[in-house]
Amino acid sequence: MEVLFIKPTEDNPMIKLDPVKGVMSISGNSMPENATLFYEPVILWLKEYNKNPHYKTTFIFSLKVISSSSTKVF
């Protein structure tokens with residue numbers, strides 16, 4: 001399984017999901033126009049990761065601003 005990396009923008013967070021280290025990081029602003037569509041690849045990646053996860057998984061959320069639609073996805 002490969003690392004999922006999404007570069008940040010002014011409205012979208014930086015996302016780095018590392019299956020080897022078991023570290024999932026989301027930081028910045030989360031205000032995408034369509035949160036469901038934006039986070040779809042993340043959800044699919046996590047479903048695949050869940051089939052063979054690292055023995056210890058750590059989630060790091062460091063969000064400055066978060067929209068209500070992003071909150072629903074989380």
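Structure summary
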quantity	calculated
Failed item in (1) surrounded by 16 or more Cβ atoms within 10 Å (Cβ to Cβ); (2) over 18 Å from ILE66 (Cβ atoms); (3) of a type outside the set (Gly, Ala, Ser), with VAL3 passing the rest	(1)
Number of the condition not met by PRO41 [criteria: (1) over 10 Å from the mean Cα position of the chain (by Cα); (2) modelled with pLDDT of 95 or more]	(1)
The range 19-69 - residue that is small (Gly, Ala, Ser) and within 18 Å of PHE5 (Cα to Cα) and, of those, surrounded by the fewest Cβ atoms within 10 Å (Cβ to Cβ)	SER62
Test result for THR36, touching a Ser or Thr at 6+ places or on another chain (Cβ under 8 Å), part of a helix (DSSP H, G or I) and of a type in the set (Ser, Thr, Tyr)	yes
First in the range 38-55 and over 21 Å from ILE66 (Cβ atoms), second anywhere and of a type outside the set (Val, Ile, Thr), Cβ under 6 Å, 6 or more apart	TYR49/PRO19; HIS54/GLY22
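To keep it simple, each residue is scored yes or no on (1) more than 13 Å from the chain's Cα centre (by Cα); (2) in contact (Cβ under 8 Å) with a residue 40 or more places away in the chain; (3) assigned to a helix (DSSP H, G or I).
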| site | (1), (2), (3) |
| --- | --- |
| PRO8 | no, no, no |
| LEU17 | no, no, no |
| SER62 | no, no, no |
| VAL65 | yes, no, no |
| LYS72 | yes, no, yes |
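The values are calculated or read from the model by the stated rules, or taken from the named source; none is laboratory data. Fair warning: this is a prediction, and the values are worked out from it, not measured in the lab. Virtual Cβ from ideal backbone geometry, glycine too; neighbours counted across all protein chains shown.
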